[in-house]
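Participant: Encoded as structure tokens, here's the structure I'll be asking about.
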Amino acid sequence: MSEKTVEIIIICGVTLFWILIVATLIWVGYRIAKAFKSHPKPLAESKVFSADDARFMRMAIDIANRNVDSGGGPFGAVIVRGGEVIATGANRVVAMYDPTAHAEVSAIREACQKLGTFKLDGCTVYSSCEPCPMCLSALYWAGVERICYGNTKADAKRIKFDDSFIYDQLALDYNRRSIRCEHFLRDEALGTFRKWETKEDKVAY
């Protein structure tokens, strides 16, 4: 092997090494950026709020306190529109054997039944704790105007109500999630969507 060949091999090896280093740094940077994107920084606690805001938040906190005394979880919620309490809810997961019976979801169900609608336009939700991913999604689907909360998800995590793993799971590729996801028979399922698209008397939501 000539001296020139050895020199070329060394140069190629060093170049490949640096390419791998740069590629690794790019990948790590991407993962970090993705992690930060899926975990936005906490909302700063407001020190200025109205007397009504304080009253309704204390009502949600009181519901949470009374729920703990009656064997439920430490969460309460109040839905208000135009200064009027439309509905309240407490976390009844254990009592009702229902993993979806969170305070906000319970309040949404009661409010919608009371108002005879699936949209809570113009409503403010006061929750004793920052809504979990499920409740936050439900509040978006319900179309509420404003969400106010007392405790943060970090506070909840400290007492073993940790929903950060759900945010982590959503950021993962499907094949890396802890619950296996499988996708099949799309062509048959699309038939129902086509039926919905052409239905003239459907109620859009």
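Participant: Based on the mean of other beta carbon atoms within 10 Å per residue, what is the order of 168-181, 64-77, most packed first?
Facilitator: Highest to lowest by the protection proxy: 64-77, 168-181.
Participant: Under a point-charge model restricted to the Cβ atoms of Lys and Arg (+1) and Asp and Glu (-1), what is the dipole moment magnitude of the chain relative to its Cα centre, in debye to the nearest 20?
Facilitator: Roughly 100 debye for the chain.
Participant: Ignoring solvent entirely, what values of log10 I(q)/I(0) come out of the Debye formula for the chain at 0.08, 0.09, 0.10, 0.11 Å⁻¹ when each Cα is a single scatterer?
Facilitator: Log10 of I(q)/I(0), two decimals: -0.45, -0.54, -0.62, -0.71.
Participant: Give me the distance between the Cα centres of region 141-173 and region 62-105, rounded to whole Å.
Facilitator: Cα centroid to Cα centroid, the span is 16 Å.
Participant: Can you give the helix-only mean residue ellipticity at 222 nm for the chain, where every DSSP H stretch with n ≥ 4 adds -39500 (n - 2.57) and the sum goes over all residues, rounded to the nearest 500 deg cm²/dmol?
Facilitator: Computed mean residue ellipticity for the chain: -17000 deg cm²/dmol.
Participant: Return the subset of 47/114; 119/202; 114/202; 119/199; 41/114 for which the Cα-Cα distance in this structure is over 25 Å, preserving the input order.
Facilitator: Going by Cα-Cα distance, 47/114; 41/114 fall outside the 25 Å limit.
FYI, it's all coordinate maths here, none of it is from the lab. On a predicted model such as this, the values are computed, not experimentally measured, just so you know. Using ideal geometry, Cβ is built from the backbone for each residue, glycine included, and neighbour counts are taken over all protein chains shown.
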